[in-house]
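One structure is given below, encoded as structure tokens.
The values are calculated or read from the model by the stated rules, or taken from the named source; none is laboratory data. What you see is a predicted model, and the numbers here were worked out from it, not measured in a lab. Every residue, glycine as well, gets a Cβ built from its backbone with ideal geometry; the counts of neighbours run over all protein chains shown. Protein only, heavy atoms only, side chains kept; ligands, DNA and RNA dropped before computing areas. Shrake-Rupley method; radii C 1.70, N 1.55, O 1.52, S 1.80 Å.
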Amino acid sequence: KENPDLDTEATEFIRSQVHTIKEILDRLGNFINNSDSKPKLYSCSINTAINDFYKVIEHSLKADSYECVLDLEDNIPSILSNYNSLKQILINAFSLMNPLRGNGGGMILQTRYSSETIIVKMLFTDTIDSLSNEEKEFGLNILKHLMNKHEGEMRIKNDSSSGTNLIFSFQLKRTLNFQPSQFIVKSGENLYSPAPLAVIPSNLYPPTHLLS
């Protein structure tokens, strides 16, 4: 070969691009397969969703020597959602950052409640700067769409030296754009009637069979 170094560089570039495309397609497939135009809505605990998500990724984190700290505030009120939708947000955020690259590092999953707003922060030592513009835009657009369905918002704080923070804000009060049949409650509970705004009481939790 006349230019073995050039051939090697070209091969590595192609491999990296194939890997990038595969990651994007995997995220898109996960998003499409789990999307539901009319999801069932019920009272959900953010902390429960995060704990369930952590159990899914725990083995991979330990295998990659990637530390994860859960800093979850106690007694946070429930929100109107479903656990599948919350899972989509957490998985897509984690997939966007793709921290498991064999470089170590860590993340903090934090929840706070203030002024009728629940804040979920995913704090990564990794930075989103390592992603291509296409990957970044694609992943962030999915997350924004998922948060719009919750009438919430997403912010991103990025620092090349300290890492990237993904911040999700869920309003306790939200417009009810659904039919009564979409709202699942426990046996014995009264069904909420559609109203301009609803506040989900902290003592209303989903049926146990819906947590699986």
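For this structure, a couple of remarks:
- Chain lengthening between ASP159 and GLU58 when straightened (0.36 nm per residue, less Cα-Cα): 33.8 nm
- Solvent-accessible area of the range 39-120 (1.4 angstrom probe, protein heavy atoms only): carbon and sulfur portion equals 47 percent.
- Taking N as its residue count, the alpha carbon Rg of the range 93-143 over 2.2 N^0.38 Å: 1.32
- Between HIS145 and LYS173, the simple label model (points 7 Å from Cα in the Cβ direction) yields a spacing of 3.0 nm.
- ³J(HN,Hα), Karplus 6.51/-1.76/1.60, whole Hz, each residue of the range 89-96, x for Gly, Pro: 4, 5, 5, 5, 5, 5, 5, 4
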